[in-house]
Amino acid sequence: MQEEKFWLLLSLKLSGEATLAELEALEAILLENPKWGLQVEMLSQVWKENKQQENDTDLFFNKHLQRLSNCPDDSKDQIYIRQPVLYPTETKAEKQKGFKWLWLTSSAVASLLVFFIVFYKWESNADKKKEQAMAQNTVSTRRGSKSKIQLPDGTMVWLNADSKVVYDENFRGDFREVHLEGEAFFDVVKDKARPFIIHTKTIDIKVLGTAFNVRAYETEKNTETALFRGEVEVTLHSNPEKRIVLKPNEKLLVNNKVPPSIAGSNKKKGKLHVAEPNITIGNVHFEDKDSSALETLWIKNKLVFDAESLEQVAQKIERWYDAKVIINNNELKHMAYSGIFDSESVEQVIEALHITGNFNYKITKNVVTIW
């Protein structure tokens, strides 16, 4: 075990008995585990202090022996038990020297053990804290797939294709926090004492108990939040003081890609001023047949285009069918399309768009080329 080897090599180094190869091995271990460097430094200091006290200890030890030799003889009141002589050739001076060496070494070893225990506990606590901080669950979906999960508090989450949620596995603390990349529908269990917060790259959404859809793909122009039940509070990362409260059947669009602009007052100085993202609040759109919200039809395995540009349509097709869509005509990218597709193949979807949009296309394996 590397840790046991580390302590063995360190003890050899401190006692001055380490060979060149052992010193090199210790150095290699420290390079791999830099966090042990502090322990080496502090233990080396303790060892030096013990060595520095050795001269003073010699004087104390000799005085102690002198006091023993000056004690009165109480042999009449004592019972002596003869002990076998283990080392008959050992002199009195050697015995005294051996006893003194053992006493000094015990002090140094005790100090090392104390520091070892302290640092071992410190490292264990640090590792436990690190494990607790890393105790997170990640659920992700690939292109062409979807998933449904239940969070520790009972909240249900539906994940669309090419999406990911990260959350604490125990949901402890004052908040229930989730990090989202992609699209998900949340049906949140109500808990007034512990608000539910969703973090995306552009916005944070705070709720108590509600149902809503969040679309936050980093590659798309907008981050979208559509509310169906309850109430949510949205905070913009670019302007934390600005809070937007949505009511049922309202939808919020926040532009993800507003480029920085030169403010008039700072133009001469050449300072950049980041403009506030464009914010649009509208209404949720419903299907005529069964009054289902278009924003959530993907949960029913329906692919929906709601007056979206061909470029946006292509992104949805890529995730839905795990395909590649190439548009070779820039003018076509901005043409708007609407439609609802239920279980159609990618060929059938492209053909329907072709009839509506009057463009040419070719499908080779999993690559769609439009011109």
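The values are calculated or read from the model by the stated rules, or taken from the named source; none is laboratory data. Owing to the predicted nature of the structure, the values given are computational and were not obtained by experimental measurement. So basically every Cβ, Gly included, is an ideal-geometry build from the backbone, and we count neighbours across all protein chains shown. Heavy atoms of the whole protein, side chains included, go into the accessibility calculation; ligands, DNA and RNA do not. Shrake-Rupley method; radii C 1.70, N 1.55, O 1.52, S 1.80 Å.
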* To do: Kindly indicate whether any position in the stretch 301-316 is over 24 Å from Val254 (Cα atoms) and modelled with pLDDT of 90 or more.
  => yes
* Matching residues in the stretch 296-313 - criterion: being assigned to a helix (DSSP H, G or I) and open to solvent by 10 Å² or more (accessible area, probe 1.4 Å) -> Thr296, Trp298, Ile299, Lys300, Glu311, Gln312
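Residue-by-condition table, conditions (1) crowded, with 21+ Cβ neighbours inside 10 Å; (2) at pLDDT below 95; (3) under 18 Å from the mean Cα position of the chain (by Cα):
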| residue | (1), (2), (3) |
| --- | --- |
| Pro152 | no, yes, no |
| Thr155 | yes, yes, no |
| Asp168 | no, yes, yes |
| Phe171 | no, yes, yes |
| Phe175 | no, yes, yes |
| Glu183 | yes, no, no |
| Arg194 | no, yes, no |
| Ile198 | yes, no, yes |
* Structure fact -> Contact list, first residue from the stretch 317-335 and under 18 Å from Ile355 (Cβ atoms), second anywhere and open to solvent by 80 Å² or more (accessible area, probe 1.4 Å) and not in a helix (DSSP H, G or I), beta-carbon distance below 7 Å, six or more apart or interchain, is Asn329/Trp371
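Out of His273, His237, I need the residue that is modelled with pLDDT under 90, exposed (fewer than 15 other Cβ atoms within 10 Å of the Cβ) and closer than 30 Å to Lys148 by Cβ. Which one?
Details: His273 fails: closer than 30 Å to Lys148 by Cβ.
Sole residue among the options that is modelled with pLDDT under 90, exposed (fewer than 15 other Cβ atoms within 10 Å of the Cβ) and closer than 30 Å to Lys148 by Cβ: His237.
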* To do: Quick one: in the stretch 200-219, of everything that is of a type in the set (Ser, Thr, Tyr) and under 25 Å from the mean Cα position of the chain (by Cα), which residue is most open to solvent (accessible area, probe 1.4 Å)?
  => Thr219
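Hey, does the stretch 132-139 have a residue that's among the hydrophobic types (A, V, I, L, M, F, W, C) and modelled with pLDDT of 95 or more?
Scanning the stretch 132-139 turns up no residue that is among the hydrophobic types (A, V, I, L, M, F, W, C) and modelled with pLDDT of 95 or more.
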